[in-house]
Amino acid sequence: SISGIGKTRIVGEAFRTMSNVFYSRTPENIDTGIIYILTNFEEGVIIIDDCPIDKYYYVARLISEFQKPFRLITIYNVLTKNEERETNVFFLDAADNKEVVDTIIERERIIDIDVKIELENTVMAFL
């Protein structure tokens, strides 16, 4: 997915009203923060922007070691074909953002109508 089409904003809007959502702009030097979150919270969502696949696997292993119900969402611009097959990937392109956002809303069970409308309006701004 190319840079500048709203990947981070879409994900941010999807989780804006939820508690225990943790965001990092980069995967660099986040080990201490991830371990703190996993030690001090029982569940949540960890979102890491600009996260290459090797860092995704590293953080996923950390989460697995703690055996807590955390969801990991990473945002990255370029994946190889092998990486696409090995992970659960949403591709965001301006032409099909609406379908992807609908899938995210359904998958994450977002029921707050205001959040749904905000997400849909954000997507329409990019079309």
Discussion item. Only one of R16, R61 is farther than 30 Å from I113 by Cβ and out of contact with any His (no Cβ under 8 Å at 6 or more places or on another chain). Can you tell me which?
Written reply: R61
Worksheet entry | Residue check for E43: within 19 Å of Y76 (Cβ to Cβ) and at pLDDT 90 or above | no
Practice prompt. Answer with yes or no whether I110 is crowded, with 17+ Cβ neighbours inside 10 Å, part of a strand (DSSP E or B) and either at pLDDT 85 or above or under 15 Å from the mean Cα position of the chain (by Cα) (or both).
Written response: no
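The values are calculated or read from the model by the stated rules, or taken from the named source; none is laboratory data. Quick caveat: nothing in here was measured; it's all calculated off a predicted structure. When we count neighbours, we look across all protein chains shown, and the Cβ atoms used for this are built from the backbone with ideal geometry, even at glycine.
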